[in-house]
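Contents: one structure, followed by commentary.
The values are calculated or read from the model by the stated rules, or taken from the named source; none is laboratory data. In this text, all values refer to a predicted model and were calculated from it rather than measured experimentally. All Cβ positions, even for glycine, are placed from backbone atoms using ideal geometry, and neighbour counts span all protein chains on display.
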Amino acid sequence: MGRWEPDARGRLARAALELYAEAGYEQTTVADIAVRAGVTERTFFRYFADKREVLFDGSGELQRRVLEGVAAAPATLAPVDAAARGFEDAASFLEERRELSRKRAATIAANPSLQERELLKFAALGAAVAGALRARGVAGPAATLAAETGVTIFRVGFEKWIARSSGTLARCIRETLDELKTLTTAV
């Protein structure tokens, strides 16, 4: 086993996503992931509670970056724009992982239980963004509406991004916000 090689967490995540793409999520075991990554099962469990958590490991870091972006957004921005700015600012976290993001999205799309988990993570993210908007002085219901809209903008922008061969996630988020504004503007 290559337990002394650096970045065991990263190797485990890459191995898991490769195996989920090759064999399917349900058919892949923790033992399979550990062998592919060159570590023991015990090492796997030092980093992840179960094989599902490999897919959601970055959600805490993404949320932290989104909230920092919302807090740093100019005070003059409308609440939806501040929420979108938070997601745009956090996009660099995923930009570095485009191919892994594609594999992750495909694995989740193919598994209803993982889709449910993803929705729960998005709900938690929306609640956190709403809290950040309230801290900026946005009233309760408006903060929730803007936060949930921001999450939707992010999700649609993310889908565009992984479907494209080039371009940035931040740009896809901005395009999605612009499309929403066009849809909601009176003619």
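If you check residue 148 against the conditions, is it acidic (Asp, Glu) and surrounded by 16 or more Cβ atoms within 10 Å (Cβ to Cβ)?
Here the answer is yes, as residue 148 does meet what is asked.
If you scan region 1-25, which residues turn out to be of a type in the set (D, E, K, R), outside any helix (DSSP H, G or I) and at negative phi?
3, 5
Within region 40-60, work out how many residues are part of a helix (DSSP H, G or I), touching a helix residue (DSSP H, G or I) at 6+ places or on another chain (Cβ under 6 Å) and of a type in the set (D, E, K, R).
So the count comes out to 1.
Name the single residue that is nearest to residue 127 (Cα to Cα) among those in region 163-187 being out of contact with any Phe, Trp or Tyr (no Cβ under 6 Å at 6 or more places or on another chain), surrounded by 19 or more Cβ atoms within 10 Å (Cβ to Cβ) and not hydroxyl-bearing (Ser, Thr, Tyr).
Only one residue tops the list, namely 177.
What single numbered condition from (1) of a type outside the set (Phe, Trp, Tyr); (2) in a loop (DSSP other than H, G, I, E, B); (3) within 24 Å of residue 166 (Cα to Cα) fails to hold for residue 28?
Condition (3) is where residue 28 drops out.
Can you tell me which residue in region 29-61 is farthest from residue 116 (Cα to Cα), limited to those that are loosely packed, with under 13 Cβ neighbours inside 10 Å and either of a type in the set (Lys, Arg) or in contact with a Gly (Cβ under 7 Å, 6 or more places away or on another chain) (or both)?
Going through the qualifying residues, I end up with 42.
Considering only region 145-152, I want to know if a residue exists there that is assigned to a helix (DSSP H, G or I) and touching a Lys or Arg at 6+ places or on another chain (Cβ under 7 Å).
no
Residue under question is residue 157, and the condition is that it be touching a Cys at 6+ places or on another chain (Cβ under 7 Å) and either modelled with pLDDT of 95 or more or in a helix (DSSP H, G or I) (or both); does it hold?
So residue 157 fits the description; yes.
Let me confirm something: among 106, 130, 123, which residue is under 23 Å from residue 74 (Cα atoms) and either modelled with pLDDT of 95 or more or in a helix (DSSP H, G or I) (or both)?
Being under 23 Å from residue 74 (Cα atoms) and either modelled with pLDDT of 95 or more or in a helix (DSSP H, G or I) (or both) holds for just one of 106, 130, 123, which is 130.
I'd like to know if region 53-70 contains one or more residues that are among the β-branched types (Val, Ile, Thr), over 18 Å from the mean Cα position of the chain (by Cα) and closer than 18 Å to residue 174 by Cβ.
No, the conditions are met nowhere in region 53-70.
Let me spell it out: the conditions are (1) farther than 18 Å from residue 161 by Cβ; (2) in a helix (DSSP H, G or I); (3) among the small types (Gly, Ala, Ser), and residue 75 meets all of them except one. Which number is the exception?
Of (1) farther than 18 Å from residue 161 by Cβ; (2) in a helix (DSSP H, G or I); (3) among the small types (Gly, Ala, Ser), only one is false for residue 75: (2).
If you scan region 1-23, which residues turn out to be among the small types (Gly, Ala, Ser) and closer than 22 Å to residue 59 by Cα?
If the condition is that a residue be among the small types (Gly, Ala, Ser) and closer than 22 Å to residue 59 by Cα, then 8, 10, 13, 15, 16, 21 are the ones that fit.
What pairs come out if I take residues in region 171-185 that are assigned to a helix (DSSP H, G or I) and pair them with residues that are loosely packed, with under 14 Cβ neighbours inside 10 Å and not aromatic (Phe, Trp, Tyr) whose C-beta lies under 8 Å away, six or more apart or interchain?
Note: pairs meeting the criteria are 172/164.
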